[in-house]
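Below: one structure, written as C-alpha cells.
Read-outs throughout are calculated quantities, based only on the coordinates presented, and are distinct from any laboratory measurement. Everything numeric in this text was worked out from a predicted model, so none of it was measured. Backbone-built Cβ (ideal geometry, glycine too); neighbour counts: all protein chains shown.
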C-alpha cells in the first residue's frame, strides 16, 4: 500500500455537493496575514472583553486514567451471582481523582488552555491543543494510508454525519448503508431528498458481494449511482458485528472500482471492541503482556479503521468522545482529506461555529493530564468494562434459558461463520442439561430466539423465532400490530424497554425479514446496573415465555 | 393588541420549507408514554453508564451578580485620561466570586443539575432547569403578545439563524435584510440558494417606507415574494442603530399586510442598550431609581423586542448568551410559536442534538445562583460597561479630531433625525475651538469622517468622506483597490484592525454607496483595554490624516 498524497492520485472535488460548492470562504480570509499578527489593536471583531466572562476559574475532579482494571475478574464458582454488585462500575469509596484547574488568565506556557481563550469565540477546527492531540491520536491509532490527512472537530457524530450529508449529497442522491442501520443517520439524510440503498449483511457487517452486485447492477434510471457510503464497521448498530481488515479492503476496492464511493466511517464503538464470548464455566484468565508492549498489543487487537487502507483519501472517519468520555461533552472529530476538511470547516463556521469552549477545555485538560498513554490506558479499562457487561448479559440469559451453540449457517446469512446461541425454554429451573438432552433439544423443544454475542459496542441483537409462535402468520396488508411490536409492548408493560427491530430497517418498504416470522430486538447492556440487568433479563425471560404460550 | 393564541388566528404552516416538512418525528416518539415512565429498565438506548464519565465533580468560581457598578463614574476634570486604566473592566484584586459545584451524583432536590444528567445524552430543547429559566425569562423580559410561545435552546445565534433558514427557506427564496448587515447571516443562507432583498436604513435601522415599497413593487418573475426577514433591530450590525417600538409596529404591520413575512429577530445586543452619548464636559450623573423599581425601570428603558407586538406568532427571536455570559459557552435560545419550535427541535435532534452539557450546566448553575434578579443586575452592570467603552471611544476621537455636532439631514438618509458627529483635523493640538472657529469650520476645513454614537452594541460605524480625498474618483470597472480598502490596509499596516464597510454590504452587486466616494469602517470598542483603545485611536487619527494628504 503506497503512502502517497491523495491529491496527486485522484481528484475528489466532483464529490462535493452543490451546497458545499456554494459555501464561500469569508472574504476577510484574504486579509488573514494581518489577523495573524501579534500585538494588533483589535477594533475589527465583535469580541467581548474577557473581563465580562463571569467564570474566573473552572475546575474538575477527574478520574485517574487507570480507574478501571485491565483484567476480567474470575467469578467464584460457588455462588454465580454474589459478585454481581461489584462486578463493574466504580466503587465510589475507592475512587481516585486528580484535580483539573483552568483559570481565566492566560499564562505563557498554558498553550491557550485558559478561560480567556475557552470562553471567547474560537476556530471551527477546534482549540489549538485539542486539535494537536486529535491529529496526533488519529496518526498513531488509525495510521491513515495517505499522508496529508486533516482532523477537524465537530459536536458529535450526529453533527458530523449531518455535515457529511450536506457536504457530499445533492437531492435525489442515494447513499449506501447496511440493511439494518442506525435510524438517526437516515433521519439526518432523508430531509435532503437523499435515499438509501441497503446492502446485505453477515457476521462482519456489510457484505462485499452484496455491495458489488448492487453497484454493478445499478439502474441509472433510478438516479445517480451512489457515491457516499454510511457505515458503522465496528460494533455495528444494531447487529454488533465488527468488520475485519480483509473485508474492509474488499469493500474499499469495490468503492474504487465500481462506484467511486466516499466512505463515511461512523465509528463510535471502535474502542469498545471485546474478546469473543466464552461461557462462564470455560473462562480462563488471559495471559499478561509485557508493560512495554501493552499499547502496541492493545491497538493491534482492534479491527483497524478504514483509514489504514485509505490510499486515495476517500474515507471520512467520524470519531466521538460520547462513548469514551461522555455524550454530554458533544465533541468529536473528522479525519479526512484536506479538500473535504476545508468545506466542513466552512460549514462549521456558519452553523455551530466551534464546539462549546467549556467542553473543549475540560476534555483537553483531561487528555493533557492523562497524556496519550493515559488515555489509551483509560480506553483499555473501558473496553474491559464493556466486556464484563456483555458477558454478564449473556450469562444472565444462560441462567434464564437453555442456550445452545451452533455454527451460523448459509440460510442464517447474517451470521454465516460465527457461533450462534439459540435460546430454548429451560428444561428444569436452574438445572444443567445432560449430554443427551443437549443433543436432542432442537427436536424436542422450540427455539425462542437466537443471537451472536457482540464483538464490540453496547448491544445484543436478538432474532426472535416467531415462526414458532402459535399465532404466527406472515404479515398481511392490514395495519395490525406485528408480533415484534406486540412483544415489545408486552415487555414495556412489564417494565423493560428495548428497541424494536423495525426501527433499524434501512428501507422500510423492503424489510429484510417479516417481523411476524423473524422479529428482532436490540437490547443494550451499556447502561443498567448489574442488579437491574439481572431483573431486566428475568422479566424478559418471563414475558417471552408467556408471549410464546399465547 | 389582543393576547390570543396565534394558532387560532392564522396558519403559519405554509412557511415551512420542504426540508422542514421532510423531517420526520422519530418513530419511537409514538412510544413515548413508556419512555417517560419511572423505574423502567433501560435496555433500549445506547447510553453509557454514568460510572464511565471521567468527571466526578465540575466546579467554577463565578463572579457575583453585582460585580460591575451601576453608575458611570464622573471623570476628574483636571486630568482627562489619568483615570483611564481603572475606568472599566474588573480589578482582579477586588474581584468577588462565589463557588459553583456540580457533582456527578444526583440528589433529590437538584432539579437534574448534576453530571449524571449533564454528561449524558440530553433533549434538544435543553436541560430542564435551563429550559424553565429561559421560558420564564422570555415571558418576563420580552412579554410576547401571544400566549403559547415556546423556547428551545440552540448553540448560539449563528446556529439559530442557520436553522431558521433551513426551516423556512427553499431554494430560490429571497430573504429581507438591512442593506448593511451581518455578513455571516448571509453566508449561512447563500449556499441554500437563498437571495437577499436589501432594505434602506435610517437612524433606527430598517426603514418601513423602503420595506413597503419593495414588497408592494415586488416582481414575481424574480421569484416568490420574500417571506422571511433577517433583522438585527438593536445595536444593528454594523450601523449600531436601534429600532424603537413605533417603527417595529410599522414593520410588523407591513409584514402582515403585504408579505406574510416571518421576522427572525437576531438580538445579541439587546442588553447592551446604552444612553445617548453626551460629550464629556456635559455629562452629569443620572438620577437614582428606588431599589424596588430598578428592574422595571431597567426593562422599561430598553427598546422592546418584536415579540411584544407579535400577536400572530410570526416572530422567531434569537437570544444568545455570547454577549451576556461568554461566546465560548455556545448557548442561546429561540422564542417562537410551537409549530416552528417543533420543527426546530427535530432539526436539532439530527444535527447538534443538545448543546454541550458542561456549558449548559455551568450557565444554568450560574443563573440559578444569581436568580432572575441577579442576572438582571449582572446585565445592568454590563450595559454600563459598554456605555463606558462607547463613551471612551468617542471621547478619544474628540481628543484626536475636532468633532462637530449636526442634525442628520435628508440626504444623509441613514442618519435622518439623529445627532451626527463629523470629524475634522484638529485646528491646533489638544486645543478647544473658539466659537467663531466652530461656526466656520465646515467652510474652512474638510471633513474626514462622520458617525452617530451607537445606542447599543459594540461598534462605531464610521462614514469616510472620500469625496474629500485628493485621489478620489468614482469606482470604475477595473478591479483596482478602493480607497476604503487602501485605508483599511494602511490602518492594518500601522497596527490597527478594523472591519471594512464592503464586508457588510447585503447586495454586493448594488452597494449602497461607492467605497471610493463614501467609504465605511466598523470600529469595535468591545474588546480593547482602555490604554490600547487610546493607542488605537491615536494610530487611526495619524493614519487617516496622512491618508487624506495623499
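At each listed q (0.20, 0.30 Å⁻¹), what is the log10 of I(q)/I(0) that the Debye formula gives for region B:149-194 modelled as equal alpha-carbon point scatterers?
Summing over Cα pairs of region B:149-194 leads to -0.68, -1.18.
Percent relative contact order of region A:195-280, based on C-alpha pairs within less than 8 angstrom and at least six residues apart?
On the way: 92 pairs, mean separation 28.2, N = 86.
Rounded, it is 33 percent for region A:195-280.
Per residue Cα convex hull volume for region B:453-550, in cubic angstrom? Walk me through the numbers on the way to the answer.
Values: hull volume 10.5 nm³, N = 98.
For region B:453-550, the hull spanned by Cα atoms encloses 107 Å³ per residue.
If you rotate chain B onto chain A, whose Cβ in B ends up lying nearest the axis, and how many Å away is it?
Axis relating chain B to chain A; nearest Cβ residue and distance: B:356, 2.
Could you give, in nm with one decimal, how far residue B:546 is from each other copy of that position, shortest first, with labels 7 Å out from Cα toward Cβ?
The answer, with the shortest distance listed first, is 8.7 nm.
Give the share of C-alpha pairs in each 5 angstrom bin for region B:240-304, from 0 to the last occupied bin, in whole percents, shortest bins first.
3, 12, 17, 18, 17, 13, 9, 5, 4, 1
Tell me, how many Å apart are the Cα centres for region A:21-54 and for region A:212-270?
That distance is 41 Å.
Å³ per residue of the Cα convex hull, for the protein assembly as shown? Numbers along the way, then the final one.
On the way: hull volume 209.1 nm³, N = 1100.
Per residue, the Cα convex hull of the protein assembly as shown comes to 190 Å³.
Kirkwood hydrodynamic radius of region A:139-257 from all distinct Cα pairs, in Å?
Working: mean 1/r = 0.0652 Å⁻¹.
When all Cα pairs of region A:139-257 are included, the Kirkwood radius is 15.3 Å.
So what's the back-of-envelope 222 nm ellipticity for chain B, counting only DSSP H runs of four-plus at -39500 (n - 2.57) apiece and dividing by all residues, rounded to 500?
Numbers: 15 runs with 174 residues, N = 550.
Calculated at 222 nm, the ellipticity per residue is -9500 deg cm²/dmol.
Distances from residue A:35 to the same residue in each other copy, label points 7 Å out along Cα→Cβ, in nm, shortest first?
3.9
Between residue B:24 and residue B:220, take the C-beta separation as r, use R0 = 30 Å, and let me know the FRET efficiency to the nearest 0.05. Working shown, then result.
Working: r = 32 Å, r/R0 = 1.08.
That pair, residue B:24 with residue B:220, gives E of 0.40.
State log₁₀ I(q)/I(0) for chain A at q = 0.07, 0.09, 0.10 Å⁻¹ as given by the Debye formula over alpha-carbon point scatterers of equal weight, solvent excluded.
-0.46, -0.75, -0.91
How far apart are the residue B:294 label points across copies, placing each 7 Å from Cα toward Cβ, in nm, shortest first?
Shortest to longest, the spacings are 5.7 nm.
What's the FRET efficiency of residue B:94 with residue B:288 using the Cβ-Cβ distance as r and R₀ = 25 Å, to the nearest 0.05?
Details: r = 23 Å, r/R0 = 0.91.
The pair residue B:94/residue B:288 has a calculated efficiency of 0.65.
Pairs of alpha-carbon atoms within less than 8 angstrom and 6+ residues apart define the contacts here; what relative contact order does chain A have, in percent?
Details: 965 pairs, mean separation 100.5, N = 550.
Reported relative contact order: 18 percent.
Can you compute log10 of I(q)/I(0) for region A:201-354 with the Debye formula, treating each Cα as one identical point scatterer, at q = 0.09, 0.16 Å⁻¹?
After summing over all Cα pairs, the log10 values are -0.38, -1.05.
What distance in nm separates the two pseudo spin-label positions at residue B:467 and residue A:405, each 7 Å out from Cα along the beta-carbon direction?
The modelled label-to-label distance comes out at 9.1 nm.
Can you pull the three principal axis extents for the Cα set of region B:196-250, in Å, largest first?
For region B:196-250, the Cα spread along each principal axis is 35, 21, 15 Å.
Looking at the protein assembly as shown only, what percent of DSSP beta bridges run antiparallel? Nearest 5 please.
Antiparallel: roughly 70 percent of the beta bridges in the protein assembly as shown.
Could you give the nm distance between label points at residue A:280 and residue B:13, where each point is 7 Å from its Cα heading toward the beta carbon?
That separation, rounded to one decimal, is 5.5 nm.
Count the DSSP beta bridges whose two residues both fall in chain A, then state the antiparallel fraction as a percent rounded to the nearest 5. Walk me through the numbers on the way to the answer.
Numbers: 41 of 57 bridges.
Percent antiparallel among DSSP bridges in chain A is about 70.
Could you give P(r) for region A:293-378, binned at 5 Å from zero, as whole percent values over all Cα-Cα pairs?
In order of increasing distance, the bins hold 3, 11, 16, 21, 20, 18, 9, 2, 0 percent.
Taking only C-alpha pairs under 8 Å that are 6+ residues apart, what is the relative contact order of region B:121-240 in percent? If you can, show how the numbers build up before the last one.
Values: 126 pairs, mean separation 29.8, N = 120.
The value is 25 percent.
Estimate the FRET efficiency between residue B:529 and residue A:32 by the formula 1/(1 + (r/R0)^6), using the beta-carbon distance for r and 25 Å for R0, to the nearest 0.05.
The value I calculate is 0.55.
Between region A:356-371 and region B:354-387, how many Å separate their Cα centres?
Rounded to whole Å, the Cα centres lie 23 Å apart.
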